[in-house]
Structures are given as C-alpha cells and as structure tokens.
Amino acid sequence: MTFFTGNEDQRRGPSCKSAMALRRQADIQSNLHLRARAIDAVRAFFVREGFLEVETPIRIPAPAPEAHIDAQESGDWFLHTSPELCMKRLLTAGCERIFQICRCFRKGERGGRHLPEMTLLEWYATGWDYLDLMRQCEELIGFVLGRLDRSPRLVYQGHAVDLSPPWERLTVDAAFRRFGGMTAGQALERDCFDEVMGIDIEPQLGLARPVFLYDYPAACGALARRKPEDPSVAERFELYIAGLELCNAFSELTDAKEQRERFAAENCTREKLGRSAYPPAEPFLRDLACMPPAAGNALGLDRLVMLLADAASIDGVVAFTPEEL
C-alpha cells in the first residue's frame, strides 16, 4: 500500500483538469469506435475487389493547381491536398487498381464539414470511366453498411435516406434548372456558380435517396476528361447523401498538353484571386503522356463517418480538432 502526503486535491488537480479538457473525446468514444470499424470495412472492400493499397508521399514539390484550394506550405514544398498526382503516376507504371487512405491538407478550410487536415480515401482503376465509379460507390457503401450490421435505410439529421441501389443520377445543368432557377452556363456567366451550388442546390440533394450529380461544365473539371459526345461538360460527378457531399470523381484527362494548359489557366485564376501560383508538376505531366485511360475517386472518410454516426459536425467524428492542439 502506498501512502501520500500533502494536499491530495493538489496532487490530483492537473490530471482532473486534463480529464475535463478531454471531455469531448470521452463523449465521442462510440463514434471513434464506429470510425475505426468503417475504415476497416473500406479497406476490406478494396482488398476483396483486387485493389492494391499504396502509400505515396505527403510532402510534394508541386500540388495540382486548383483555383479555390490552397495547399499548406512545408518549407519550399507543400503538404498534398490529395494523393492524386503520385497515384496517377503509379497507373502509368502499370499498377492497374490502387487505393489509398491518407491524411490530406487544405489551408484555411475549417467549418462544420471541413478540417484543414482530413482523412481521404482515393482510388483509381485503369480502363474505367466515371460511370463505373458510380456503380462501385453503390457497392462500397453497401458493403460498409453490411460490415457494420446497418440497414440500408439511414437517418441523418432528420432525413430518412434509402441507400438501396440504384441511386439517382442528376446532371449539373438539370440541378441548376430545378433548384437554382438558371442553367449552369448562366451561373458561370454571372460568376455565381459556387454560390448557387452551395446555397440553393447542395442542401436539396440526396434527401430521400443518394444522388450522383454529374456532367459538370468543362470549366469545373481541372483534371477531368471532356465528354466525347459533348465537350462542353467534363465526365465528373459528386455524390450527395442527405445534403452532404461525400466524394468527387471523374474520368481522367490523359492528354498532357491539355493538362498543362489547364494548370496554367488555374494558376492564372489563382493570381487574379490574389492567391499564389504553384510551380509546374513536371514529373506528373511527363508521365501523364503515357497514362492509360482510367477513372479515379476521392471520398472524404470523415464525412462518411459523420453520415454513419448522424453527427451534425465533423468535430463529432475526429479525435482532435485544430483548436484542441
């Protein structure tokens, strides 16, 4: 037996204060368990489908320039906003089906659905297009639900959503006409595309069953292939469930010359917006010329767990927020 001397409250004080400071973590333990099980299920799905799990560097010399996404500086390099560029180079090397679960960084992104450091699932398959990825999204979510012993009927923030496939397909232009009172082209001309999308359209998507929002204007697909039968749109889709955007996918652009021009245009737009331009990703552009036709998808695992846990905020499904560090 050990005996203590002195004021026991003082001896225990610091640990008690720490316990109080970690009350949020204690309150969300069930969500953290759910998160671990969901990520385990995601990994099991891709292994079953014959995908190779890969790891690519987090710190890179040049991110893909996108007008509204800022990379976090790391010395003279950057923390990747997505593993996309390195993963596509692996496709060029002959890796036909690959996936990765990794941390990604986007400077200044913080809100109820955003973190500057997030967990992303990204996967690619050669010979596929964005329609193949729609089908696989349905299969992936169904597999995860099965592993978690969940019904395909889910309630998220008061919305009862039936996740049974097939899910609804809705073009971006049809969504703007239905919910925004204008065409997607008119929204771009009026420079209100993102505003109308965020305020009028996204909250209406996937409230009863999931929706694939697809065929974005070509100007909104910096790394996506144009649709052969309609070059005004890019073969890109986003998945929405109960108003929550879960993933961004597209048939990949494999024309290195066009990709270089698009990167230059994105850097131009960044500079007009007062943002810095990024250096050219030369190794990626070099290898892109030999990349086979493929499709890729990036799915936010934090948001998937939000959906499964019925968490209103992303804070409810992560062990630490930036403000707690």
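Some values worked out for this structure:
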{"read-out": "Selection count, segment 248-266, where residues are under 30 Å from residue 153 (Cβ atoms) and surrounded by 22 or more Cβ atoms within 10 Å (Cβ to Cβ)", "value": "2"}
{"read-out": "Segment 137-181, residues that are over 12 Å from residue 212 (Cα atoms) and polar (S, T, N, Q)", "value": "151, 157, 164"}
{"read-out": "Test: residue in segment 31-43 that is in contact with an Asp or Glu (Cβ under 8 Å, 6 or more places away or on another chain) and on the phi < 0 side of the Ramachandran plot", "value": "yes"}
{"read-out": "Subset of segment 95-115 (residues that are surrounded by 16 or more Cβ atoms within 10 Å (Cβ to Cβ) and assigned to a strand (DSSP E or B))", "value": "97, 98, 99, 100, 101, 102, 104, 105"}
{"read-out": "Index of the failed condition, residue 308 passing every other in (1) outside any loop (DSSP other than H, G, I, E, B); (2) within 25 Å of residue 193 (Cβ to Cβ); (3) in contact (Cβ under 8 Å) with a residue 40 or more places away in the chain", "value": "(2)"}
{"read-out": "Selected residue [β-branched (Val, Ile, Thr) and modelled with pLDDT under 95] from 92, 81, 56, 2", "value": "2"}
{"read-out": "Scope segment 68-94; condition surrounded by fewer than 19 Cβ atoms within 10 Å (Cβ to Cβ) and in a loop (DSSP other than H, G, I, E, B); matching residues", "value": "68, 75, 76, 93, 94"}
{"read-out": "Any hit, segment 232-244, residues being surrounded by fewer than 17 Cβ atoms within 10 Å (Cβ to Cβ), in contact with a strand residue (DSSP E or B) (Cβ under 9 Å, 6 or more places away or on another chain), part of a strand (DSSP E or B) and of a type outside the set (Lys, Arg)", "value": "yes"}
{"read-out": "Helices (runs of 4 or more DSSP H) fully within segment 125-193 counting 3 or more residues that are in contact (Cβ under 8 Å) with a residue 60 or more places away in the chain", "value": "130-147"}
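The values are calculated or read from the model by the stated rules, or taken from the named source; none is laboratory data. Worth saying up front: this structure is predicted, and the values here are computed from it rather than measured. Cβ sites come from the backbone with ideal geometry, for glycine too, and all protein chains shown count toward neighbours.
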